[in-house]
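What follows is calculated from the coordinates using simple rules that are stated; it is not laboratory data. Keep in mind it's a predicted model, so treat the numbers as computed, not measured. A quick note on method: Cβ atoms are made from the backbone with ideal geometry, for glycine too, and the neighbour counts reach across all protein chains shown.
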Number of protein chains: 4
Amino acid sequence: MGKKKRIGIIGATGYTGSELVRILVNHPEVEIALITSESRAGEKFSDIHTSFRGIVDIVLQPASQVEQTDLDLVFLALPHGVSMDFVKKYHQKPFKIIDLSGDFRLDSPEIYHEWYQKGHVYKEGFDSAVFGLPELNREHIKQSELVANPGCFPTTAILGLAPLLSEGMIESRGIIVDSKTGVTGAGVKPKEVTHFPNVNDNFKAYGLKKHRHTIEIQDTLNKLSSDEVNLQFTPHLLPVDRGILSTIYARPVKEVTTADLNALYLRYYEGHPFVRITPEAPSIKDVRASNYCNIYITHDERTGNIMVLSVIDNLVKGAAGQAIQNMNLMLGFDETAGLKQAPLNP
Amino acid sequence: MGKKKRIGIIGATGYTGSELVRILVNHPEVEIALITSESRAGEKFSDIHTSFRGIVDIVLQPASQVEQTDLDLVFLALPHGVSMDFVKKYHQKPFKIIDLSGDFRLDSPEIYHEWYQKGHVYKEGFDSAVFGLPELNREHIKQSELVANPGCFPTTAILGLAPLLSEGMIESRGIIVDSKTGVTGAGVKPKEVTHFPNVNDNFKAYGLKKHRHTIEIQDTLNKLSSDEVNLQFTPHLLPVDRGILSTIYARPVKEVTTADLNALYLRYYEGHPFVRITPEAPSIKDVRASNYCNIYITHDERTGNIMVLSVIDNLVKGAAGQAIQNMNLMLGFDETAGLKQAPLNP
Amino acid sequence: MGKKKRIGIIGATGYTGSELVRILVNHPEVEIALITSESRAGEKFSDIHTSFRGIVDIVLQPASQVEQTDLDLVFLALPHGVSMDFVKKYHQKPFKIIDLSGDFRLDSPEIYHEWYQKGHVYKEGFDSAVFGLPELNREHIKQSELVANPGCFPTTAILGLAPLLSEGMIESRGIIVDSKTGVTGAGVKPKEVTHFPNVNDNFKAYGLKKHRHTIEIQDTLNKLSSDEVNLQFTPHLLPVDRGILSTIYARPVKEVTTADLNALYLRYYEGHPFVRITPEAPSIKDVRASNYCNIYITHDERTGNIMVLSVIDNLVKGAAGQAIQNMNLMLGFDETAGLKQAPLNP
Amino acid sequence: MGKKKRIGIIGATGYTGSELVRILVNHPEVEIALITSESRAGEKFSDIHTSFRGIVDIVLQPASQVEQTDLDLVFLALPHGVSMDFVKKYHQKPFKIIDLSGDFRLDSPEIYHEWYQKGHVYKEGFDSAVFGLPELNREHIKQSELVANPGCFPTTAILGLAPLLSEGMIESRGIIVDSKTGVTGAGVKPKEVTHFPNVNDNFKAYGLKKHRHTIEIQDTLNKLSSDEVNLQFTPHLLPVDRGILSTIYARPVKEVTTADLNALYLRYYEGHPFVRITPEAPSIKDVRASNYCNIYITHDERTGNIMVLSVIDNLVKGAAGQAIQNMNLMLGFDETAGLKQAPLNP
């Protein structure tokens, strides 16, 4: 075993930050060299995330320490709109970057402006950023210096639809993605929408018609499809911590059977260690705390519809785990290094 | 105030039985004259449902007591397949019947056989049974001796789609009803699917393509539509006790705006006290423990889709509350008698 | 039936405010004449609490409207430290006051200062305020112009221990009250401690050794006991919305049996409609959304300990319901008026 | 690295069985050579526990295969009363045994009979079985051929009280252990008590005065104490999957401060990698999915009581994780091998 690679994590107080630490602490090929937080610099990581007491007691540094530290790769676990400043600043530094925000996932600064209602400060980043979904872009990711880690909902929707659209098997318009997510997707900061009595024993839709992940899903799928994709994405908030299940409805362009569809999906995801095509409709606990995406596909003869169910843990395959999968590719490790934990169920 | 009407409840151990009692105990026009249970006869109702100690301590009787009791109306809170025997036996008795099972909701014994995979013992019941959705059938219910109380999912889907299909505003094929329900819909009996660690912090779809409520929804809507309805219904299990939210997707046949749709829904449900057209996407706690159905409707210009969100408490508007609303109509009371509780939120 | 009494609710945005409205809206003897909110004045009550749409659409007023409104009784649903100003201002007005905060529950301004770490602005209020626990103070409450509504934890602990201490059956020192509460007790405002992922699937103690309800419990029980009471109170936070269960441990001063204890409790609470002595250990859903307090008592021969389990819904018997029970006494209604709902379980 | 040790797991369908597999699958020193199930033999492990698809697809064998398999150590993940038969049968075999049931934890067959209300078939086992709490018995465990893995509640209570009783700092009578557990402690089989609507948004005590873990706690602590221990143990059921928090109350025999107590606990658990003495009251998510036991200790000057809060994950440190910790000791591995995962929070 060679010398361990040195990793920096920018932004320690949020869920993606702590989830990166949770996974990296047992990664065989890397060491955490730096964790930063502006608001909590000087405190121990375990003072903020008390479950790490005795495990990760590293003192948090201000981000200004990044440039004084010898690093091979940096994760940006920052809010969108903030992350772009750091990418701009760090882009020419001698470390690779994985940005977990939405700042470099879309096709252009103009589309970003339209959906995020915010100007972009670093348009050059769009040219070099690779969309970090290894099942679509593995080879590009390996060569990349800057990876835009996908959003949580898009990971389920894109993995669920990629085989159908790549093969031209469904109408590219009229696709419905009805998604349900756990609350950690809303972040670590208390808000009315995440107040326990507003979530517990409750359920509702939100972001109808205008959620930012809509365009991320649509534009990514467009690149796989010969016809223009137009889809409806509706997120809902589940009273659970982790997990996304997307129920996807599409219309086949020709006759198809469930067996055909299963064969297609098995073939498409062959050699991709984290996608599992399952014989039963999956539940979110089937993948909890793991980097797996489970996909179930079926055709309904009565209605003619194809249905795809796709589930992930939003903090792992939907954020930190996928980022580490990308890191593994970028640094030349086995794609599954550090990511072999079985799901936690129950 | 005249003499109170005398009510019998057949089947006391399940959730619909206890929910009927919970509401009826404060109903101004009726008294509970009989509660039956075969398995627990001789025990007090409050021995089984301990929250009723000191409130409803009636001793449970075997069903054989029905015919020796002076009753104005009987609720059948029994499993499907069992209920039909009781309807057959009681149909000519001098009391009205509200059947909360699925045994008389469909159009014919043949369709019943196909979807419930069970022969029917009382085909004559189909001729006289009225589908007990007051917002569609109020006048028929008033005249009926036998009401088939609607299923929980169908209540949300039918109320959500009735205005659109009655007015011929959407394509009658290709409708998607993506529903999410609380666990009480699965009944009082412990099963693997309702075991706490299988539900808590979890979420999944079930009954894909073949849930019995599909045909109940489709056949009821067919009667409102000039074109044949074909729809996809997908239920999911939420880690909550009560509540159903259905997210419905449909394609308009002509140009339409959200304002048009709101106007249509307000007009269609005018004079119906339990349907609320809301300006915000509703949550299931907005109606919990009440007989309301909240409906939100919107049109997405980007995709062209119409979306309807419809929520109820599955044990109230989806079962016992709707049954009591039907009772009020059948016995000539105010439609809202005993049903004026505000939702419990939180 | 005479003219309905006119009620004002000061403070509409919190849980006690909305819970008062939920119960009062169906109260047979009163009407809600005024609801105030400083921060949301001009909006409808149902804009804030959307489950009330079509039920309570009253426009919120600033508190300055109190003095221009004809009112028989006012509920103060305000934070402690704020409420005292209103009591001072309203005390000579021609309406009765029920204060739901902690400002007038203790024995003196000095004790208040010690446990609430705040000076008191209206010391005179302590002379006239009656501690509003009807099971102890029914006759005083009937005569009172100012009732200090008890805290939620104290309601369980005091009702659970009152018979034992009144009869001198236990050692007055060394009592343990281990309490577990739902999250609504922490209020409507989002905080880190109420952020869904911090509560869901979680459990912890808080306020160890110094929770303010300790002194409220201890001082109230002291008045019933010949020896000085000293007790340990430990609250814990449950991942549920509503409900408190207190597990209480005490040492008998002489030989006693479980049968003796049951007889004592049945006798002590005879004629008190909301206390139920139960033959089984109660759960919080046995009383949810109702004004009941269920109490279970037992003696362990092996250890010699007496154990009392006491449960309430913290928003009903622990706040709004008890306040309405007090209102019924103060205004000369039946003690149970408006409070006859059976618990909601499940 | 030498040849991996070969492990058998007897009983695959329950939670302790699947949790053993979840941890062992990434253990660096062992391989799972056999998993048995009588009821599901012939199926794949992942057919029963679908989250293991593609990870552990081993075909389940009948227990009769144990004797035809080359094994170094066997875990018995069986119900009490069943496990004793297997221990009897396997005791002279050339593999070590860790029994996760309660069959060999107590001091004698007589005490077993009294508390488990069942005769014991293998009294000889009591002589050789070592109580598998490594923090108390590390050296004995290393030499043992048969380890009785502790119960979940006892692990919290014993670790929480051992320093105090070993040092004679508290009265050995009158100790209160008020415990709260997640639902997985009740096992994988659906029962009324684990039916989702009976647990969700609910909370209650159970097993009052007579829970079997009482004697396991008391007898183990007795061995550490010069005076006879008598304690009250009260379990409660939390609406969570995993985790136990025990709130423990004891009376000091002499003056003591919180600082003294912390110093004692830090000293007592020095060199024990899975016990963390924490500066804040711990929550069950602080240890979820990990093998840690967090302990918080404090003295209340006002009441004189010592309070200890002790938390574990009942399936890990309370069952499978502790069993693997014992395996590590028995097979000469590092005590933490395979157990280095950080807790999952949220």
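The table for this structure:
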quantity: Cβ-Cβ FRET estimate between C:Ser64 and C:Glu31, R0 fixed at 30 Å, reported to 0.05; calculated: 0.90
quantity: Other-chain or far-sequence residues with amide H under 5 Å of C:Leu146's (modelled H); calculated: C:Ile97, C:Val130
quantity: Helix runs (DSSP H) in chain D reaching 20 Å along axis by Cα, Kyte-Doolittle at least 1.0; calculated: D:152-166
quantity: Other copies of A:Asp85: label-to-label distances in nm, shortest first, labels 7 Å along the beta-carbon direction; calculated: 3.7, 6.9, 7.4
quantity: Highest to lowest packing among D:225-231, B:275-281, scored as the average C-beta count within 10 Å; calculated: B:275-281, D:225-231
quantity: Backbone HN-Hα couplings from phi across segment A:62-71 [Karplus 6.51/-1.76/1.60, Hz, Gly and Pro as x]; calculated: x, 4, 4, 6, 3, 6, 9, 10, 7, 10
quantity: Three-way shape call for segment C:5-128 based on the alpha-carbon gyration tensor, with the a/c threshold at 1.5; calculated: prolate
quantity: Nearest-0.05 FRET efficiency for B:Asp334 and C:Asp57, computed from C-beta distance (R0 22 Å); calculated: 0.60
quantity: Averaged over B:183-190, number of beta-carbon atoms from partner chains that fall within 10 Å; calculated: 4
quantity: Cα centroid separation - segment A:203-276 against segment A:54-74, whole Å; calculated: 37
quantity: Highest-MSF residue in chain B out of B:Glu171, B:Glu192, B:Glu216 [GNM, Cα springs under 10 Å]; calculated: B:Glu192
quantity: Helix-only [θ]222 nm of chain B, DSSP H runs n ≥ 4, -39500 (n - 2.57) each, per residue, nearest 500; calculated: -7500 deg cm²/dmol
quantity: Cβ-defined net charge surrounding C:Leu231, 13 Å radius [Lys, Arg +1; Asp, Glu -1]; calculated: -3
quantity: Neighbourhood charge, 15 Å Cβ-Cβ cut-off, centred on A:Phe86 and excluding it, Lys, Arg +1 and Asp, Glu -1; calculated: -3
quantity: Segment C:287-346 and segment A:10-44: distance between their alpha carbon centers, rounded to Å; calculated: 48
quantity: Peptide B:301-308 - average C-beta neighbours from other chains (10 Å radius); calculated: 5
quantity: Ascending count of other beta-carbon atoms within 10 Å, so fewest first, for A:Met84, A:Met169; calculated: A:Met169, A:Met84
quantity: Length-normalised contact order for chain C - Cα pairs under 8 Å, 6+ apart - percent; calculated: 17
quantity: Shape category assigned to the protein assembly as shown from the gyration tensor of Cα positions, a/c cut at 1.5; calculated: rounded
quantity: Across the identical copies, how the A:Val193 labels are spaced - nm, sorted shortest first, 7 Å along Cα→Cβ; calculated: 2.6, 3.1, 4.0
quantity: Nearest-0.05 FRET efficiency for A:Arg138 and D:Glu270, computed from C-beta distance (R0 45 Å); calculated: 0.40
quantity: Placed amide H near B:Cys293: partners under 5 Å, 5+ positions off or other chain; calculated: B:Val275, B:Arg276
quantity: Rotational relation C to D, axis-closest Cβ in chain C, residue and distance rounded to whole Å; calculated: C:Asp178, 2
quantity: Electrostatic dipole magnitude of the protein assembly as shown [Cβ: Lys, Arg +1; Asp, Glu -1; Cα centre; debye, to 20]; calculated: 0
quantity: Formal net charge of residues neighbouring A:Cys293 (Cβ-Cβ distance under 10 Å; K, R +1; D, E -1); calculated: 0
quantity: ³J(HN,Hα), Karplus 6.51/-1.76/1.60, whole Hz, each residue of segment C:72-79, x for Gly, Pro; calculated: 9, 7, 10, 9, 9, 10, 10, x
